[in-house]
1. Considering only the stretch 101-119, state which residues are under 15 Å from SER87 (Cβ atoms) and of a type in the set (D, E, K, R).
2. Considering GLU106, GLU95, which residue is surrounded by 21 or more Cβ atoms within 10 Å (Cβ to Cβ) and in contact (Cβ under 8 Å) with a residue 40 or more places away in the chain?
3. Of everything in the stretch 119-137 that's touching a Gly at 6+ places or on another chain (Cβ under 9 Å) and surrounded by fewer than 22 Cβ atoms within 10 Å (Cβ to Cβ), which residue is farthest from ARG62 (Cα to Cα)?
4. With respect to ASN104, determine if the residue is modelled with pLDDT of 85 or more, closer than 15 Å to TYR33 by Cβ and out of contact with any helix residue (DSSP H, G or I) (no Cβ under 7 Å at 6 or more places or on another chain).
5. What pairs can you find where one residue is in the stretch 49-65 and touching a residue at least 60 places away in the same chain (Cβ under 8 Å), the other is assigned to a helix (DSSP H, G or I) and of a type outside the set (A, V, I, L, M), and their Cβ atoms are less than 6 Å apart, with a gap of 6+ or different chains?
6. Among (1) within 21 Å of the chain's Cα centre (by Cα); (2) surrounded by fewer than 16 Cβ atoms within 10 Å (Cβ to Cβ), where does SER50 come up short?
7. Anything in the stretch 1-41 that is of a type outside the set (A, V, I, L, M, F, W, C), in a strand (DSSP E or B), under 16 Å from the mean Cα position of the chain (by Cα) and modelled with pLDDT of 90 or more? List them, or say none.
8. Condition test on ARG134, is it part of a helix (DSSP H, G or I), closer than 23 Å to PRO25 by Cα and among the basic types (Lys, Arg)?
Amino acid sequence: MHYRTQNPAYAAYPRLSFGRVRGYPMNGTRAPYMTTIYGLFDRALGFDKSGDWTLPQRFWERKDDLDLATPANFVCDCDIIGGNSGSPVLNRDAELVGVIFDGNIESLAGNYVYDAERNRAVAVHAAYILHALRTLYDAEKLAAELVGETKKGTTPLRSGSGTGLAPTSSPTSLADRPLSSASSPRILTSMATGGERLSFFFAFRT
């Protein structure tokens with residue numbers, strides 16, 4: 001490939017970015033690095049269960065079954081661009097921890113200039129995906145397949161096996177691991193925060 005005058009097309013070639021999970025300054029305050037299921041209900045109630053913040057009825061019907069402290073979305077300072085949605089977010093051990101679906105409003109200028117203090121990639125947390133599949137959508141078989149569980153128990157899938165997914169039997173507290181869930185598999189327990197590095201891989205289509 002010969003790209004001496006312009007960068008490669010963003011959606012036609014591999015894109016690899018490294019960054020950290022962290023919040024950012026927003027409207028005179030600071031946006032946190034993650035949201036939780038608590039926040040979903042708070043927004044819905046704060047807007048009278050109407051408009052863009054309306055929650056499906058099953059959320060209310062199964063509210064008592066949900067772990068409201070489960071992380072829902074998180075942000076990191078990886079450099080993304082339109083077309084990267086659906087790409088996996090990996091931690092430093094090549095374990096899946098989320099899936100990109102958006103960027104913050106401050107990142108719109110990122111097509112031309114990257115601002116590390118404000119540009120953020122937004123991802124849905126793997127803990128929320130699994131918790132929703134099991135608790136909201138009755139898709140236990142799909143959730144079990146994602147974490148490598150079999151009918152006889154669990155089959156850990158170590159990093160390097162092609163998936164990076166691996167279940168665990170030891171719970172992890174949210175206080176110790178801000179981006180993990182007590183009921184989630186090992187793939188969720190080593191998300192980097194603070195100054196640690198988070199590897200972000202963008203899948204692509206030809």
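1. ASP102, the sole residue that qualifies.
2. Answer to the selection: GLU95.
3. Going through the qualifying residues, I end up with VAL122.
4. yes
5. The qualifying pairs are ASP65/THR135.
6. (1)
7. Scanning the stretch 1-41 gives THR35, THR36.
8. When the stated conditions are applied, ARG134 does not pass them.
The values are calculated or read from the model by the stated rules, or taken from the named source; none is laboratory data. Since the model is a prediction, treat every value here as computed from it, not as a measurement. Neighbour counts run over all protein chains shown; Cβ positions are idealised from the backbone, glycine included.
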